[in-house]
1. List, in order, the whole-Hz ³J(HN,Hα) value for each residue of region 239-244 obtained from phi through the Karplus relation with A = 6.51, B = -1.76, C = 1.60 and θ = phi - 60°; use x for Gly and Pro.
2. If amide hydrogens are placed 1.01 Å from N in the peptide plane, which non-local residues have theirs closer than 5 Å to the one on Y213?
3. Applying the Karplus parametrisation 6.51 cos²θ - 1.76 cosθ + 1.60 with θ = phi - 60° to the phi angles of region 277-293, what ³J(HN,Hα) value in whole Hz is obtained for each residue in order, glycine and proline being reported as x?
4. Protein chains only, probe 1.4 Å: how do Y213, Y250 rank by accessible area, largest first?
5. Going by amide H atoms built from the backbone, whose H comes under 5 Å of the H on K116, apart from near neighbours?
6. Given H placed 1.01 Å from N in the peptide plane, which residues other than close sequence neighbours of W93 have an amide H under 5 Å from its amide H?
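The values are calculated or read from the model by the stated rules, or taken from the named source; none is laboratory data. Keep in mind that what you see is a predicted model, and the values were worked out from it rather than measured. Heavy atoms of the whole protein, side chains included, go into the accessibility calculation; ligands, DNA and RNA do not. Shrake-Rupley method; radii C 1.70, N 1.55, O 1.52, S 1.80 Å.
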Amino acid sequence: PIARQQVASKSKVHLRPSSMAAACETVIQPDIAYLLMRALPLQDALRLVRVCNAWRLASREAWGSPTLLRTTPRTIEGSLAEGQHGDLGTFEWPNDVKLLPDGNICVVESSTVEGKRRLQIFSPEFERVREVHCPFPLCYPESPGNPGDGRFVAAAACHDALFVAFYFPGCAGDSGRLYKFSLPECVLLEVLRGAYPSEQSEDEDEDEGWAQYFCAVEDLLVIGERLFVLDRGGELGEPSVVVFDFSLHYLFTFGQGDDSRHYQTVIPGGELSGPTSIASHAGLIYIAEKLANRISVFNVAGQFERLVLCNGELFEGPLCVAFARDRMLVGESQQHSWWIRNATTSLVRILTIDGVLLQTLKLTFSPLSLCVHEAQDQVYAADLLGNKLHVLSLLS
């Protein structure tokens, strides 16, 4: 169409180099180039492809490449060949991956197998530095849940401490724990229960109730001197973010949602619905909401700022959010449930901070967590069902 317009009007057509680059990227795709070859004389088709390729290279130098991630990930899993990043042993349900202050990588494994409830800490070269096992006993006699189902779910670190969330499925009223380990030794320092006994009921025959800090932790985040606990809610609580200091003293709660709104078409901004991941950028907090298909933005005081969508449209099952080089990375699984091993509709979207889509990377697994290591030019993606850690390369 541009060529026809130029020929018909005999005038110049002005186009932003970034727009021209996008058009040229499309033209030189093999399937489209093949159609051009058939529709045009060979000499004209080759000339058009050369021009498009030159435009693409020139515009990338002038405007920067919109491509951020390499499209073919490396896979890190157990029992690698000798010389390939060391011997990693075996992952058991890697649920979360986080960067530690010293540059090491912490992989949270949510296995319920005895002896496999652990964290694994690796160097950037993927040599195992340390294993941190579950500090039993963890369950209380009055809890009706099965202590054998308890598992690690998430982690976050400050300069001298590692915070880890633990979850007991089915333990009504007392299903969550927060553990504080020292760094780098990983010695257990403190334990906080997610619920505590409330005041005695006026009816002496009635059992004592529970007051709730959090129920089912999805993710942890450290900003400044505060620990932000993303809670998806449960039997006794609603979705929210609970804030503690580093001594695990409660400060405040924000973002409280309402489970009854989960099936509404529009959920008010500032009310969380199915939160799955929390990250920070430029002093603001970004929360991925799988049920609401959006990213909610709050300030560190817990005040709602805005919603982020993908080109003005809802996301499709956002599982995690992270940031790299002033770009937002959102991992999605468009399946009804991420409990599908071959999730052919999973992907990572790279967007501007305002939600303008720049790149889409298709995956063959559901990314439950994304961790950016800019010093290594890498992004780590946790593959729970495949028991793997996938490594994506950051491009300049």
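1. Per residue, the Karplus-derived 3J(HN,Hα) values read x, 5, 10, 10, 10, 10 Hz.
2. Residues meeting the amide H criterion: A195, Y196.
3. So the Karplus estimates, Gly and Pro as x, are 7, 9, 8, 10, 7, 6, x, 10, 10, 10, 10, 7, 10, 5, 6, 8, 6 Hz.
4. Details: Y213 60, Y250 100 Å².
Putting Y213, Y250 in descending order of accessible area: Y250, Y213.
5. Those lying under 5 Å, H to H, from K116: there are none.
6. Placed amide hydrogens put N387 under 5 Å from W93.
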